[in-house]
Amino acid sequence: MGERRGLVLVVEDEPAIADLQRLYLAREGFGVQLETDGRAGLAAARSQHPVAIVLDVGLPTLDGTEVCRALRAEGNWTPVLFVTARDDEVDRVLGLELGGDDYITKPFSPRELVARVKSVLRRANGPGDRAVLTVGAVALDPDRRSVVADGAEVALTATEFDLLASLMRRPGRVFAREQLLSEVWGYAAAAGTRTVDVHVAQLRAKLGAASPIRTVRGVGYAVDAPRG
Ligand code: CA
C-alpha cells in the first residue's frame with residue numbers, strides 16, 4: 001500500500017479532464033472528491049476540509065475565482081491550484097486578492113498536475129515539516145517516524161503515527177473529526193468519523209499518562225502544550 005496523502009477536492013466541469021485528474025491523484029495516494037460546479041465545490045471545501053483544492057476557473061453556478069474569494073474571505077487558506085483555460089487569467093488568479101497558490105493551464109499533463117499539487121502542499125506545510133515535534137512528555141520525529149513518550153519509544157501503526165503528527169503539528173488548534181479524516185485517511189466525511197475516535201482511543205492507550213490529546217466535545221480533538 002502506498003503512502004496516504006489526504007483528501008484533494010477537484011472542482012471541474014469537463015468530465016474527461018475530471019476523470020483524468022481523479023485517476024492520477026488517486027494513483028499517488030490522494031483521496032479525491034469531485035464536484036462539477038462552483039456552488040457544490042464551495043460547499044465541499046467548507047464541509048470536507050480537503051488538504052488542497054484543484055479549482056477550474058470556468059465553472060457553472062460560481063466560477064473558480066469566486067469560490068476562492070469566498071473561502072479566503074472566511075479565513076480558509078486551504079492551498080488552491082487553479083486550472084486556467086487561458087494564460088491571461090494567470091495574473092488574476094495568483095493576485096493578492098484571491099490568494100491562489102499556483103496554477104496550471106489547459107491542456108496539461110496529469111504528471112504535471114500531480115507535481116503541482118504536491119508542491120502547493122509542501123509549501124503550505126512549511127519548512128518545519130520535518131522538525132521533531134515535542135508536546136509535554138511526547139516527542140515525535142517525522143523523519144524517523146518514531147514517537148517517544150515519558151522517555152520510552154512507543155510502537156505506533158502508520159495511521160496512528162500520521163494522526164498524532166497531524167495533531168502535534170498545530171498544538172492548541174481544535175480539529176474536527178472530518179478534518180482529521182481528510183488529512184490522515186484521505187476520505188470524505190461520508191466515510192464515517194467513528195474511525196477517528198477508535199484510532200484516538202488506541203493512541204491514548206499506547207501513550208498512557210503522557211497523552212496530550214484532549215477531546216473537544218461536539219467537535220473533535222486537540223493537542224495541548226502543558227501549562228507552564
Ligand atoms: Ca470549465
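Within the range 31-50, residues that are on the phi > 0 side of the Ramachandran plot sit with their Cβ atoms under 6 Å from residues that are hydroxyl-bearing (Ser, Thr, Tyr), at 6+ positions apart or across chains, in these pairs: HIS49/SER182.
Considering only the range 193-228, how many residues are part of a loop (DSSP other than H, G, I, E, B), hydroxyl-bearing (Ser, Thr, Tyr) and modelled with pLDDT under 90? Steps first, please.
Kept after step one, since they are part of a loop (DSSP other than H, G, I, E, B), are these residues of the range 193-228: 193, 211-212, 217-219, 224-228.
After this cut, where a residue has to be hydroxyl-bearing (Ser, Thr, Tyr) as well, the list is 193, 211.
Okay, now just the ones that are also modelled with pLDDT under 90, so 193.
Number of matching residues: 1.
Any residue that is at pLDDT below 90 and more than 20 Å from the chain's Cα centre (by Cα) - is there at least one of those in the range 163-176? No: zero hits.
Within the range 43-62, being in contact with a helix residue (DSSP H, G or I) (Cβ under 6 Å, 6 or more places away or on another chain) and surrounded by fewer than 16 Cβ atoms within 10 Å (Cβ to Cβ) holds for one residue alone: THR61.
Tell me which residues, restricted to the range 140-192, are assigned to a helix (DSSP H, G or I) and acidic (Asp, Glu).
Within the range 140-192, the first condition is being assigned to a helix (DSSP H, G or I), and the residues that meet it are 158-169, 177-185, 189-191.
The answer is GLU160, ASP162, GLU178, GLU183.
The values are calculated or read from the model by the stated rules, or taken from the named source; none is laboratory data. Just so it is clear, the model here is predicted, and its values are computed rather than measured. Please note: Cβ atoms are built from the backbone with ideal geometry, for glycine as well, and neighbour counts cover all protein chains shown.
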